[in-house]
Amino acid sequence: MAVPKAVEAGYARGVRLPVHEIEGDLKAAVAGGNRDRVLLKAPTGSGKSTAVPGMLMDAGIEGRILVIEPRRMAARLLAGWVAKLRGSSLGGEVGYAVRFDTKYGRDTRLIYLTDGVFQRWMQEDPTLAGVGAVVFDEFHERRLAVDVALGRCLDLQEQARPDLRVLVMSATLETRGLADFLAPAKMLEAGGRTFPIEVAYRPDRPKVNDRRGGPPQETPVWEKIATVCKEALALPDAGDLLCFLPGMHEIRKTVETLENSSFTRNHDIFPLHGGLPPAAQEAAVSPGKRPKIIVSTNVAETSLTIEGVRTVIDAGLAREASFDPRRGIDTLLIRKISRASAEQRAGRAGRTGPGRAFRLWSEGEHARREAFDAPEVRRVDLAEVVLLLKAAGVGEVRDFRWLDAPLEDSLRRAESLLHDLGALDAEGALTEEGRAMAALPLEPRYSRLMLAGVEQGCVAEMAFIAAAVQGEGIFTSKRGGIGRKDFVFPGDGSDFEAEWRAFDSAAGMDFDPRRCAPLGIHGRGAREVAQGFDRLQRLALQRGWPWEGVDFAKRREAVGRAMLASFSDRLAVRFGEATLACRVVGKRRGKLDDESAAKQAVAFVAAEITEVEGREVIVQLRRATAVDPEWLKELFPEDFGFTDGASYDEPRRRVVARKETKFRDLVLESKESDHGVNLDAAAEILAAKVLSGELILKNWDAAVDQWCARLDGLGKWMPELDLPGWSEEDRAAAVAQICHGAVSYKDIKERQVWPVLKEWLSGAQRAALDSYAPERIALPNGQNPKITYEMGKDPWIALRVRDLFGVWQTPTIASGRVPLLVHILAPSMRPWQMTKDLGSFWANGYTQMKKDLAGRYPKQPWPDDPKAWLAAGGGKR
């Protein structure tokens, strides 16, 4: 096991690491044994991940010390390093526990383990018997399992285990809110041994598209990395290079580009990511004979010190799995990392000497990036956490001790899924099925899958599917040549039948990558599936479940039923036989994989629904299994139903009868007919088309709109009249009444409107409308102008100024409550002024109007005093 030379030498010579400066304070903080809590902030290179757990052991804490790490690779490598530094063999005093791999014994005192494993340990033993301290390392990553585990540890500490010590530590951490969450807690901060780091920005300059008018072409990230690698290697003190990329695809392309470049001739090039075998990971981080270039995902961002790295080249990106609770879709998108993550990455260059970091973005963009990454609780599926909390006795998960409360949409989605799986009842309480699911070391969906396998008699097949879906994948992603399509046989009911054939072939070749690759099989991925499959077989045998070996062809219907029980929320039907576009439960849409065995199925469930970002965002439905819609009646009788309704035939502009077979909100089958149309439904549909403006009622004219506005206004001005009013709902009801009995536009086009509107009001109400909101108003000078009414606006009249002589005060309606807005027109009939105060106009505005217009319109009378002029007989012929 490789250990960084600086760290090893430090221990060997007794040289203190930076974190040792707080050793005394740390031991004092955990000496009480009564709800001891410590919040430690220690920068990159301080030795906290390797030294602090040992300090706790040396402090005399009874029981095991558990160190929670966010990644398997870190847990495994750290355990190996610390074991060697303490002079013991791995699995003795120091060990680890990660998924599919454990190395510790009865006498192991210090165990490094991943958050997922710890979550299950707490489920199996809520009191953590035999554990003296829990250390949460790299807490700034804010993993969901860590947030929940910390909350549960604090609750445990305050109840049954006051002797349990809890330590939270990180290199970059916003400690204010966390300190309040942990209170009372001892705050400690250690210095670091981070050497100076020179940061340089190398933003991309997109290539100009040769085609005129085309958009600039962005340089692929692996080419950007190669360009900066060449620049860095030309420097005299480049040291080893560590390049950060978002995912395995980008790493593979970068490695290929660098291996084919002349400037890397004297360097070893290593990929580094969580999917590599342990030996390959150790080779990447261990000192070598030649300078090296390590091309890594963010697994190298924290915890690990890689000897010799002096240069970091950071693409500034990470491929992040998230969950959209509104659509129930897993998303796998490339995002820009936060400033905190960028600092962590740059810090890798200054662990054992001065270094430099190249960032493939601009300094201005860096300032605009988020300070910290969003916690997982705000962006991942919460179903497993909700199930485990319910099983742990948390009746209302919203009342749990959250550091950051989850979004309500996410909680509702998780509870809905658990209800669909049978884990929660209608009131949200845990069912016996849910308790059985929580007891299995699987995500809820796969727990249900295994239980469904027991019910349907296909345990082995479900175990394979669960292992396959949770693994990295059996087939390589390359298209063309031999691959997935060649393992799909006629008559297959599930894509997992092809995966089983490929897996069986890989097992026959001992999962040798060189032998598997020509068949399009991912040897390492298949080996990982084998580990999961074996684990589930042991689980099944321990529980006494029947295990008859895998035979998809023999148990095709059983497999379909079990898959439907576990993936009912991913039930899909295609839009038509000629397309792979599909409708999915939850009002979602997606595209079925074009190599799927379920292409001809009436309905299917997709074990994988992923939104992938590329040139465009595509919702992909993969790993499909054909199902018979008739099974829905048996498995989900409450969610299966028929509707007898109506729909609109756009080309013919008519309503037709429509009978639908539905599962929840997904239409499985639909039949249309011109006969037996529900006239009430037809009226609503036609009315909606009229209200949207798509269809026009010829007799709904301006006079009708005036009547509507009068009724609406008077109802507001004089509520004591108790008129029915005229809202949008009233308008819709009136239009529906006009359309009643019709099934087509032809039927309603010429229909009369007034008969329905007249019936809207009683005789007394019609009289009140005419009296208090009249169509015209009689003015003192004998004029009888039309009143214009508009929804939500003041009613108004329009008259030339000469026709207003004698009207010295603003006219009103509604028993004097509503003054009319008067549009005062010039002799040309163009508006000159609008006012609701005629008295003010005659006193002030008239003089200005005369001054401006009298010269242009000499035939119009312009008396200096209109009142006196009118009293003297002015205006009489």
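The values are calculated or read from the model by the stated rules, or taken from the named source; none is laboratory data. The structure displayed is predicted, hence computed values, not measured ones. Counting neighbours? That spans all protein chains shown, and the Cβs are built from the backbone with ideal geometry, glycine included.
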One residue from ARG35, ARG72, ARG76 being among the charged types (D, E, K, R), touching a Ser or Thr at 6+ places or on another chain (Cβ under 6 Å) and touching a residue at least 40 places away in the same chain (Cβ under 8 Å): ARG72
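Rundown of residues vs (1) outside the structural domain of ALA149 (by TED's automatic domain parsing); (2) closer than 17 Å to ASP569 by Cβ; (3) basic (Lys, Arg), yes/no style:
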| position | (1), (2), (3) |
| --- | --- |
| LYS390 | yes, no, yes |
| GLY393 | yes, no, no |
| ARG401 | yes, no, yes |
| ALA405 | yes, no, no |
| SER416 | yes, yes, no |
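Quick grid of which residues meet (1) within 25 Å of TYR745 (Cβ to Cβ); (2) in contact (Cβ under 8 Å) with a residue 40 or more places away in the chain:
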| position | (1), (2) |
| --- | --- |
| VAL690 | yes, yes |
| GLU694 | yes, no |
| GLY713 | no, yes |
| LYS716 | no, no |
| PRO719 | no, no |
| GLU728 | yes, no |
Qualifying residue in the stretch 825-836 (condition: within 60 Å of the chain's Cα centre (by Cα) and under 25 Å from ASP730 (Cβ atoms)): no
The stretch 484-500: number of residues that are farther than 16 Å from ALA466 by Cα and in contact with a Phe, Trp or Tyr (Cβ under 6 Å, 6 or more places away or on another chain): 1
In the stretch 338-379, the residues that are touching a Leu at 6+ places or on another chain (Cβ under 7 Å) and among the basic types (Lys, Arg): ARG348, ARG378
Scope the stretch 29-43; condition surrounded by 14 or more Cβ atoms within 10 Å (Cβ to Cβ), among the aliphatic types (A, V, I, L, M) and not in a strand (DSSP E or B); matching residues: ALA29, VAL30, ALA42
GLY491, sole failed condition from (1) surrounded by 14 or more Cβ atoms within 10 Å (Cβ to Cβ); (2) within 21 Å of VAL559 (Cβ to Cβ): (1)
In the stretch 350-375, the residues that are part of a helix (DSSP H, G or I) and crowded, with 23+ Cβ neighbours inside 10 Å: GLY350
Boolean, GLN848 is over 60 Å from the mean Cα position of the chain (by Cα) and within 11 Å of ARG802 (Cβ to Cβ): no
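This table checks each residue for (1) of a type outside the set (A, V, I, L, M); (2) without any contact (Cβ under 8 Å) to a residue 60 or more places away in the chain.
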{"site": "GLN344", "(1), (2)": "yes, no"}
{"site": "GLY350", "(1), (2)": "yes, no"}
{"site": "LEU360", "(1), (2)": "no, no"}
{"site": "GLU365", "(1), (2)": "yes, no"}
{"site": "PHE372", "(1), (2)": "yes, no"}
{"site": "VAL386", "(1), (2)": "no, yes"}
Subset of the stretch 657-672 that is touching a residue at least 24 places away in the same chain (Cβ under 8 Å) and assigned to a strand (DSSP E or B) - its residue that is surrounded by the most Cβ atoms within 10 Å (Cβ to Cβ): LEU666
Filtered residue count, the stretch 530-578, keeping only those that are closer than 17 Å to TRP500 by Cβ, basic (Lys, Arg) and touching a strand residue (DSSP E or B) at 6+ places or on another chain (Cβ under 8 Å): 1
Residues being assigned to a loop (DSSP other than H, G, I, E, B) and surrounded by 16 or more Cβ atoms within 10 Å (Cβ to Cβ) - total across the stretch 510-535: 3
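Which is at pLDDT below 95, among the aromatic types (Phe, Trp, Tyr) and either within 30 Å of LEU679 (Cβ to Cβ) or exposed (fewer than 13 other Cβ atoms within 10 Å of the Cβ) (or both), of TRP726, TRP707?
TRP726
The rows are residues; the columns are (1) surrounded by fewer than 23 Cβ atoms within 10 Å (Cβ to Cβ); (2) of a type outside the set (Lys, Arg); (3) under 12 Å from LYS390 (Cα atoms).
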{"position": "ASP409", "(1), (2), (3)": "yes, yes, no"}
{"position": "ARG413", "(1), (2), (3)": "no, no, no"}
{"position": "HIS419", "(1), (2), (3)": "yes, yes, no"}
{"position": "GLY422", "(1), (2), (3)": "yes, yes, no"}
{"position": "GLU427", "(1), (2), (3)": "yes, yes, no"}
{"position": "MET437", "(1), (2), (3)": "no, yes, yes"}
{"position": "LEU440", "(1), (2), (3)": "yes, yes, no"}
{"position": "ARG448", "(1), (2), (3)": "no, no, no"}
{"position": "ALA452", "(1), (2), (3)": "no, yes, no"}
Tally of residues being touching a Phe, Trp or Tyr at 6+ places or on another chain (Cβ under 9 Å) and either part of a strand (DSSP E or B) or surrounded by fewer than 22 Cβ atoms within 10 Å (Cβ to Cβ) (or both) across the stretch 81-100: 10
Residue ID - nearest to ASP551 (Cα to Cα), chosen from residues in the stretch 470-483 that are touching a strand residue (DSSP E or B) at 6+ places or on another chain (Cβ under 8 Å) and modelled with pLDDT under 90: GLY483
Count - residues of the stretch 734-776 that are outside any strand (DSSP E or B) and under 17 Å from LEU695 (Cα atoms): 19
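Within the stretch 436-443, identify whether any single residue is more than 19 Å from GLN123 (Cβ to Cβ) and either in contact with a Ser or Thr (Cβ under 9 Å, 6 or more places away or on another chain) or touching a residue at least 24 places away in the same chain (Cβ under 8 Å) (or both), and answer yes or no.
Taking every residue of the stretch 436-443 in turn, none turns out to be more than 19 Å from GLN123 (Cβ to Cβ) and either in contact with a Ser or Thr (Cβ under 9 Å, 6 or more places away or on another chain) or touching a residue at least 24 places away in the same chain (Cβ under 8 Å) (or both).
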Selection count where residues are at negative phi and crowded, with 16+ Cβ neighbours inside 10 Å, scope the stretch 803-815: 8
Residue in the stretch 741-749 that is touching a Leu at 6+ places or on another chain (Cβ under 9 Å) and of a type in the set (Ser, Thr, Tyr) present: yes
Leading residue by the ranking (surrounded by the most Cβ atoms within 10 Å (Cβ to Cβ)) among those in the stretch 737-777 that are over 30 Å from GLU650 (Cα atoms) and among the basic types (Lys, Arg): ARG766
Every residue from the stretch 102-143 that is charged (D, E, K, R), over 23 Å from ASP373 (Cα atoms) and in contact with a Lys or Arg (Cβ under 7 Å, 6 or more places away or on another chain): ARG109
Where GLY347 falls short, out of the listed (1) part of a helix (DSSP H, G or I); (2) modelled with pLDDT under 85: (2)
